Amino acid sequence: MGRKGKKEPEALEDDFLEGLEEEKPRSPLREALGMVVYIGIVLGVTFLIITYVGQRTHVSGDSMKNTLNDGDHLIVDKITYRMREPVRYDIIVFPYRYKDNTFYIKRIIGLPGETVQIAGGEIYIDGEVLIESYGREVIRDPGIAESPIELGEDEYFVLGDNRNESSDSRDPSVGVIHRDEIVGRAWLRIWPLNKFGILKHQ
């Protein structure tokens, strides 16, 4: 009786060791299929983010200086305008009509239904001088805004913050921007790292 009692733990130990035996390696085909599925999921999620949520872009030129500088890398928020309309001073991204794969980054100044004019270096909205601090210089060239521009129900008037070095709504090749042309709102600066952060719009 006593000897049989001593052998029982040995039997339990054998069973335990058997349970620790290594599993058989997965076949190369199964590993490859798993990798394909993983890559497919990553690409699918990336596509959804780029299409519906945000996309990466970079600034080329000095038209938005000193707010944005040449070489800055940004994340464009493409979801906010699905929930609300653009507002004054938002920094938006839109395609340039006359060159494929070229996008402009400018600040909204005039809103739908307003009348915009530039005279004496000042911006007028519905006959009143616009008090703002983004453009820190007197505007030398009013462009087509020398005469009053009445914005339609889906039109926006945009300017670069570097007013005298910017091609924007004053330029006939750019003109007013329609609501359905707006890709999104410049949201986050990710490069250079020392300027990383959410962009100020208001």
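Just so it is clear, none of the values below were taken in a lab; they were calculated from the coordinates. If you're wondering where the values come from, they're calculated on a predicted model, not measured in any experiment. Positions of Cβ are generated from backbone atoms using ideal geometry, with glycine treated the same way; all protein chains shown enter the neighbour counts.
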Let's test the formula: R0 of 45 Å, r as the Cβ-Cβ distance of S147 and K195. What FRET efficiency results, to the nearest 0.05? 0.70
Of K106/K200; K78/K99; K65/K99; K78/K106; K65/K106, which pairs sit farther than 18 Å apart, going by alpha carbon to alpha carbon? K78/K99; K65/K99
Leading residue at positive end of dipole, the stretch 101-202 (Cβ point charges), from G113, I123, V183: V183
Using a/c under 1.5 as the rounded threshold, could you call the stretch 94-163 rounded, prolate or oblate? The axes a ≥ b ≥ c are square roots of the C-alpha gyration tensor eigenvalues, and prolate needs a/b larger than b/c, oblate otherwise. oblate
What size of dipole, in debye to the nearest 20, comes out for the stretch 90-202 about its Cα centre when the only charges are +1 on Lys and Arg C-beta atoms and -1 on Asp and Glu C-beta atoms? 720 debye
Could you derive backbone 3J(HN,Hα) for the stretch 181-198 from the dihedral phi with the Karplus parameters 6.51, -1.76 and 1.60 (θ = phi - 60°), listing whole Hz in sequence and x where the residue is Gly or Pro? 8, 6, 6, x, 10, 4, 10, 10, 8, 10, 8, x, 4, 6, 10, 4, x, 6
Distance between the C-alpha centers of the stretch 79-120 and the stretch 125-186? Whole Å please. 8 Å
Expected unfolding gain across M83-L33 under the 0.36 nm per residue rule, minus the alpha-carbon gap, is 14.0 nm
Report the calculated FRET efficiency for E132 and D100 (r = Cβ-Cβ distance, R0 = 35 Å), to the nearest 0.05. 0.60
